[in-house]
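Shown next, in structure tokens, is the structure this report addresses.
Derivation of every value follows stated rules applied to the coordinates shown; laboratory data play no part. For clarity, every value in this text was computed on a predicted model and none was experimentally measured. Here the Cβ positions follow ideal geometry from the backbone for every residue, glycine too, while neighbour counts run over all protein chains shown.
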Amino acid sequence: MASILAFDVPATRREAAASFLACAFNLCKAIVGAGMMGLPRAYRLLGSVLGTGLIALVGVLTYWSMAVMVAGTEAHRGTATTYRGLARAACGRRVAALVQVAVLLFCFGFCVVYLVVITDVLTGSPPLCNGLICQLTGVAGGPFVARRFVLLCLSGGVAAPLLLLKSIGHLTVFNYLGVAAALALASITAALGAAAVALGRAHPLPVAPQWAALGGEGAAGAAHIATTVSVLLACYVGHQNLHPLLPLLKPYTGARIRGVLALALVVAAAVFTTLCVGGALAFGASLEINVLSNLSIEEMAPLLGQRPAVAASLLVQIGYCISLLASLLLYMHPLRTSVAEMIWAEEEGAAPPPTAASHGHGGEGAAPAAGAAATAAAAEVGGGIEGGAGGGGAAEVRGAARAAAMEARHYYVLTYGLLALATLAAISVPDIWSALSWIGNLCASVEAFIVPGLIALALRGLWPGAPKPAGADGGGGGGAAVSEGAPLLLAAEGGSSPAFWSDGQPRAAGGVGLPAARRGAWRRLRAAAGGAAGSAGAAADVVTAGLAVALGCGLVFNGFAQPFIA
């Protein structure tokens, strides 16, 4: 069966290394965004022990949840070409609808946030003209630094031309710049902390939570610490950008995709930890909710000197704008795919339209590339899916193929229509931080914790009514799905994890497919060797899935409860 995962695509060593780094840094840039600016204050309020522990724990949990998504994509080849398609194939329509709404609101909300924040950095705080444009040009006011004019220029003159690059792979250089800008921001904050230590002005790092600043040790303090913890829990969200990256990894193996996830999360964790520790040492209790407010010339000059503070301030603002613009471009891809699926994916009875290649879009976009594979899968399965899935699975393949092909056909209408709506929202409602922060936390909990936990339970056969993956043995249930189609989870259990051909059969060490007789022996040997480890891994998966779902539900409850807390 065709798949978006290019298991046996030949690539030179240089091409393989380039695709690996491109995927890792694209994913890292999707994770590192505006949300990191609230981390230093949350870190200090929670204390260095709990704050550092949460950054590490959530990073590990995010690695697990993304590995589950990849495992589910491999187990449901042909249908799980997007996050929504994976959720539907593993858990059914209702969970798929939940994911679709969460991704749509999350990506659209943050696109609006990025437009607003970049515009504010460029224009400054009215009525003062103290933004980046005024600092670089010396202009003291006028129509060219008006907020609405700058926002329209940003949207129409910068974002719109860059969105002509249809493939997420074409944004790789820009994402390298975005990650470099985030690293520069963290490095400047670390330099401030080091200067504070050298000058004897460093604020001590609190070990325990700051109960007085959190409102005491009673119910009010517990409510505030829950809100503060939610800032750290939501800092690694980038799951909506995982599926567009999978076709870019060539050649694809379980070890390589695990390496991509690990590298992206390690870089993100390094940025978060450096930013938090440096900010806490340099500014202490005066840390603002948005640490960018502390990185002003006035507050940095006592630690760095006047001229270095001016240069650092300019570097921070320019780098921050580049970083957020890269995030805006990345988020537009899953947002467009989510809208296309909402419009066209449910029309499953119709035959899939011509693929993107027939309209001159072949290979141009990440989602259209996945759609071409799904279209080929639909043609292959015809009236049913080989390997055990029935007509319902074929209908899902046709629906996914239709949505992907229509997304490619209407790329410009969808992309620039969504950009126009985000621009209009940014102009009409400039003070949107509270509402979008609330929506962002709720949607982040769904896509980063709740749904990956449910997918893990479905792969283990523990989700009620979970569809059986294509190729699963009749009596295997969820366990068969994991062992046959999810080498990531198998490796996590301690078993072997051979590379797989695109037809799902194991590849021999020499690169030649195993004969049928040896294939059966291989499966029996693998089952015997991984029996005990598989049982332990299954228990660990269930416990971790329960933890992820519980954390997600806790974030949702906290989000709804906050407006009622005095």
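Which value in Å does the Kirkwood hydrodynamic radius of segment 88-154 take, with 1/r averaged over all unlike C-alpha pairs and then inverted? The partial results should precede the final answer.
Numbers: mean 1/r = 0.0708 Å⁻¹.
Final number for the Kirkwood radius of segment 88-154 is 14.1 Å.
If you take the beta carbon distance between SER296 and PHE149 as r and set R0 to 30 Å, what does 1/(1 + (r/R0)^6) give as a FRET efficiency, to the nearest 0.05?
On the way: r = 25 Å, r/R0 = 0.82.
E(calc), rounded to 0.05, equals 0.75.
From largest to smallest, what semi-axes in whole angstrom does segment 25-125 give when each is the square root of 5 times an eigenvalue of its alpha carbon gyration tensor?
Semi-axes (√(5λ), whole Å): 30, 21, 12.
So, in nm, how far is label ALA561 from label GLU288 when the simple model puts each one 7 Å beyond its Cα toward the Cβ?
Inter-label distance under the simple model: 3.0 nm.
What percentage of all Cα-Cα pairs in segment 29-76 are separated by more than 16 Å?
Numbers: 626 of 1128 pairs.
Roughly 55 percent, once rounded to a whole number.
Extension gain ALA270-ARG201, at 0.36 nm per residue separation less the Cα-Cα distance, in nm?
22.4 nm
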